[in-house]
Amino acid sequence: MDTLHFKDEFETQNVRVVRHCIGSFGVNTYFMISKKTRETAVIDPGGVADALLAALKDEKAQVSRILFTHTHIDHIYAADELKRALPGARITYHIKDQPVIESLPDMCRMFGVPCRTMPPMDCDLAKEPEFSVGELQVRSILTPGHTPGGVCFYIAEEKLCFTGDTLFKGSVGRTDFEGGSGFELRKSLLHLLDVLPDDVQILPGHGKYTAMGREKDSNFYLKVDKWR
């Protein structure tokens, strides 16, 4: 897991989003950068810490938070090293994912990768579901199903939602890992349909970007008449 596969980026009015996909897991690691203050959140640091740290340095990013949509090994692979290099960055996830963290050694063995540890939590999204990154107001939406404490990070003013492994372009997250639940995922998808407008850009944990309206029209798992 030592190759920087690709990088892309785009801007909205107030935020610059940079995506890195590093290593064999193919995780989308996002830098959400306030254009005004350079304050930055790193979302789902998969892949190689050295490459991410070098990229953050190039961005002159001021990292205030390391955010996790969920805590499977592919999404936390570089977390411990990032936290040691960026001690002021607040480790932020939902406490309901604690059983997933406790099962990390088993998941590492299953995937044949070195065991990784999760840094101690600094912020529990169960207690602080909304927070700011610079002038950006971020709302976490609890979306269990892929994991018990899976969340999406929604920035309404910028029409962006980081959906992790809850919602992909044309698909949804798997539910066959320990702690997964198809029933809970169905409820979470219906909730996203209720709270996300069609023009919100969906930034998933793997694969290509999409839009909520496009997924509503074409994604089988979001067909309301199939799920109600």
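The values are calculated or read from the model by the stated rules, or taken from the named source; none is laboratory data. Values in this document were obtained by computation on a predicted structure and should not be read as measured data. When we count neighbours, we look across all protein chains shown, and the Cβ atoms used for this are built from the backbone with ideal geometry, even at glycine.
Summary table
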| item | result |
| --- | --- |
| Pair list, Cβ < 7 Å and 6+ apart or interchain, from the range 170-197 residues that are within 13 Å of THR143 (Cα to Cα) to residues that are charged (D, E, K, R) | GLY173/ASP165; GLY180/ARG174; LEU193/LYS216 |
| Breaking point among (1) over 18 Å from VAL138 (Cβ atoms); (2) in contact with a His (Cβ under 6 Å, 6 or more places away or on another chain), for ALA49 | (2) |
| Given (1) at pLDDT below 95; (2) closer than 17 Å to LEU136 by Cβ, index of the condition LEU67 fails | (1) |
| Answer residue from the range 86-117, given it is at pLDDT 95 or above and in a loop (DSSP other than H, G, I, E, B) and is nearest to TYR154 (Cα to Cα) among those | HIS94 |
| Meets criteria (more than 20 Å from VAL151 (Cα to Cα), in contact with a Lys or Arg (Cβ under 6 Å, 6 or more places away or on another chain), among the charged types (D, E, K, R) and without any contact (Cβ under 8 Å) to a residue 60 or more places away in the chain) for LYS35 | yes |
| Hey, ALA89 of a type in the set (A, V, I, L, M), surrounded by 19 or more Cβ atoms within 10 Å (Cβ to Cβ) and within 21 Å of THR163 (Cβ to Cβ) or not | no |
| Number of positions in the range 118-161 that are buried (at least 22 other Cβ atoms within 10 Å of the Cβ), at negative phi and assigned to a loop (DSSP other than H, G, I, E, B) | 7 |
| Residue in the range 76-83 that is out of contact with any strand residue (DSSP E or B) (no Cβ under 9 Å at 6 or more places or on another chain), of a type in the set (Asp, Glu), surrounded by fewer than 19 Cβ atoms within 10 Å (Cβ to Cβ) and modelled with pLDDT of 95 or more present | yes |
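Matching residues to (1) surrounded by 14 or more Cβ atoms within 10 Å (Cβ to Cβ); (2) part of a helix (DSSP H, G or I):
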site: THR163; (1), (2): yes, no
site: THR175; (1), (2): yes, no
site: GLU178; (1), (2): no, no
site: PHE183; (1), (2): no, yes
site: HIS191; (1), (2): yes, yes
site: ASP198; (1), (2): no, no
site: LEU203; (1), (2): yes, no
site: HIS206; (1), (2): yes, no
site: GLU215; (1), (2): yes, yes
